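What follows is a short report on a single structure.
The values are calculated or read from the model by the stated rules, or taken from the named source; none is laboratory data. Predicted model, so just to flag it, every value in this text is computed and none were measured. No Cβ is skipped: glycine too gets one built from the backbone with ideal geometry, and neighbour counts run over all protein chains shown. All accessible areas refer to the heavy atoms of the entire protein, side chains included, with ligands and DNA or RNA removed. Shrake-Rupley method; radii C 1.70, N 1.55, O 1.52, S 1.80 Å.
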Amino acid sequence: MRSANLFRIAYQSIIKHKMRTLLTMLGIIIGVGAVIVMVAIGQGAQASIQGQINSLGTNLVLVFPGVFRQAGVSMGGGSFTRLSFDDVEKLKRESTKLTGISPVVRTGAQVIGGISNWSTSVYGVSTDYLSIREWPLSSGEFFTEGDVRSQTKVCILGQTLVKNLFPDNDPVGQQVRIRNVPFKVIGVLSEKGQNSMGMDQDDIVLAPSSTVFYRLSGSRFISQILTSAASTAEIPAAQEEIRTILRESHKINEGEDDDFTVRNQTELASTAEETTRVMTILLASIASISLLVGGIGIMNIMLVSVTERTREIGVRMALGARSRDILVQFLVEAVVISIVGGLIGIVLGVGATLVVGAVTSWTTVIVPSTLFVSVGFSAMVGIFFGLYPAKKASDLNPIEALRYE
Amino acid sequence: MTTPAVISLTDITKVYDTGEIQVHALRGVNLEILSGEFVAIMGASGTGKSTLLNILGCLDHPTEGSFLLDGVPVHTLNRDQMADIRNSKIGFVFQSFNLLQRTTAQENVLVPLLYNRREKIDDMKERATTALTRVGLGERIFSHPNQLSGGQQQRVAIARAMVNKPSLILADEPTGNLDSRTSLEILALFQDLNRQGVTVIMVTHEPDVAQYTKRIIEMKDGRILRESRLSVPRDADEELRKLPAEEE
Ligand SMILES: Nc1ncnc2c1ncn2[C@@H]1O[C@H](COP(=O)(O)OP(=O)(O)OP(=O)(O)O)[C@@H](O)[C@H]1O
Ligand SMILES: [Mg+2]
């Protein structure tokens, strides 16, 4: 039979039962829509975490106290060894492969100055910090080695503090009080924007590590050491060097485990990627279940419809339809319903994704291949779940079908 | 020139095996029907008339016996071949019309054309409309079955039966659900088709209706009891003219 005829038959039957068709489609629409939203959220998380890690600095190597296990931080068996300024100094003295080294001493503090006050994070860092993070200043200047040595009370403000404390005038040269200690603002960071979690990266104050460590109480440890290798190719060698130096510094015997963790950006990225991939798969599987339920819905309605239309099938057979014509008619109906449902699901899914993105400020990424895969998948759902009812219809005996009341 | 036999049945039996009992619906039917005949099959309920018609219509295989349709041994054909024969050579008319609901008259008449594998038809709609015009429904091509009277529905069914230009029309009690005037209109259509050379076989309970055919076959207990030929069948058109005029 000509395929044009075939589509005509299926089209007629779909048009004749608008409500039923719509309800059948609804399952597929919701299923495909859910898959698209979920995958977009998962992919978005992946992309933004990736972007965030990239924005840390290209050749970054991080040192954390303790040992990272897959699930997170855990202490390496014995007591918890903190990173110390001695470690930083030793690295500075002995390393040959690192182009920048900066401890990070972090504390939360209230900053009073300009027209208002603002709670933020204060980062005590070294002069290398900006080059490691590839983060330029927008005005003023950074502190010097001398400032670090003499614990000078100078600071650099992130854009968020500038906006809130000094909306109208240049903060450079002004005084602010950080936890009631007066600091002189000598520079302003350029804008970095929000990260994927909606965290404002510009909500930050930088100051010499020694100043934060000794002059601001409640921040008496180094939470991490940031370093950078000369090039991407040098990262593994740099990591090895850091390990050797720190093991010596921490007096770890041969055979004992490290009590610190050295991670490069790629490793951070792949860990994050792994986590978000698992999340994406999980989200997609949950959404797929609704697609499956939609498919079962198709089968259910098709079965009812085959029974309902037994007589019609008998009449068609009497008029010359072969079994295959009937089979194909019902299959085409199922596939058309699921493909059209899939397309509507895509439109709604993309729409919902945009709404989710706008409302929650989550990053969402719609990968075009997801759309093709969803349509293909819904067509398969249609074929798979339409096949049994269609087979049932085509196997009917014409006489019995005609006698059916 | 001898008229060829359209249908030739030899020792046809049909047994329905319902599991508990075997129903012998046909117990050896021998019958020959020539091209251009108009045959009525009569008999009491349950004597196997519909069973016989289903076999003639290639809807069912006989249990035993041979059935030649235009010389083709139908009893040896498979499902698809039977479907193709139904599509090309046979038109069905049922007592209960069996139109597709929620579907226009035109689309109903179109159905056999959709399953036509012999030719590529580009003017399906025109053909359907022509067939509907021939049965007097040229104005109602977009009406749905539930908007038509019983007689009109049966006329749509006749248009559908003849749209593929079959050589044989099979009708199982086509006037069973209709009043006498409407029955006459349907019979007039059959007589008209028959005059154009179409062989018509019609099952009926009503002796009156049988008077419009050329040959009456009476069945009893799955066999042909007797048959008779009418030298001068009644003319449905003439009878219609005699009836008092009536608004339709
Ligand atoms: N599918 C079937 N299964 C079992 N028995 C059947 C089947 N179809 C018909 N029969 C039986 O075969 C016999 C003949 O039935 P058939 O329908 O041919 O009679 P009929 O002459 O058309 O009767 P009616 O005038 O009432 O329509 C009946 O006894 C009937 O019960
Ligand atoms: Mg019957």
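Among the residues that make up segment B:116-131, is at least one of them within 10 Å of chain A (Cβ to nearest Cβ) and under 20 Å from the mean Cα position of the chain (by Cα)? Looking through segment B:116-131, at least one residue is within 10 Å of chain A (Cβ to nearest Cβ) and under 20 Å from the mean Cα position of the chain (by Cα).
Across segment A:132-157, the qualifying residues are those that are part of a loop (DSSP other than H, G, I, E, B) and farther than 22 Å from A:Ser228 by Cα, and the one among them that is farthest from the chain's Cα centre (by Cα) is A:Ser150. Across segment B:219-236, what is the total count of residues that are small (Gly, Ala, Ser) and in contact with a strand residue (DSSP E or B) (Cβ under 8 Å, 6 or more places away or on another chain)? Going through segment B:219-236 one residue at a time, the tally reaches 2.
Given the criteria modelled with pLDDT of 90 or more and farther than 23 Å from A:Asp170 by Cβ, does A:Pro103 qualify? When the stated conditions are applied, A:Pro103 passes them. Counting only strands (runs of 3 or more DSSP E) that sit completely within segment B:167-238, those holding 3 or more residues that are open to solvent by 30 Å² or more (accessible area, probe 1.4 Å) correspond to B:223-229.
Each row is one residue, and each column tells you yes or no for (1) within 16 Å of ligand 1 (Cβ to nearest atom); (2) open to solvent by less than 50 Å² (accessible area, probe 1.4 Å).
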site: B:Gly36; (1), (2): no, yes
site: B:Ile41; (1), (2): yes, yes
site: B:Leu56; (1), (2): yes, yes
site: B:Thr63; (1), (2): yes, no
site: B:Leu68; (1), (2): no, no
site: B:Val74; (1), (2): no, yes
site: B:Arg86; (1), (2): no, yes
site: B:Gln95; (1), (2): yes, no
site: B:Glu107; (1), (2): no, yes
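Screening B:Val203, B:Val232 for residues that are within 14 Å of the chain's Cα centre (by Cα) and either among the β-branched types (Val, Ile, Thr) or closer than 28 Å to A:Leu319 by Cβ (or both) leaves exactly one candidate, B:Val203.
Annotation note: Cβ proximity below 7 Å between a residue of segment A:380-405 that is crowded, with 23+ Cβ neighbours inside 10 Å and a residue that is at pLDDT 90 or above and outside any helix (DSSP H, G or I) (sequence gap 6+ or interchain) occurs for A:Pro398/B:Leu59. In the set B:Thr47, B:Thr51, only one residue is within 11 Å of ligand 1 (Cβ to nearest atom), closer than 29 Å to B:Leu189 by Cβ and more than 14 Å from chain A (Cβ to nearest Cβ); that residue is B:Thr47.
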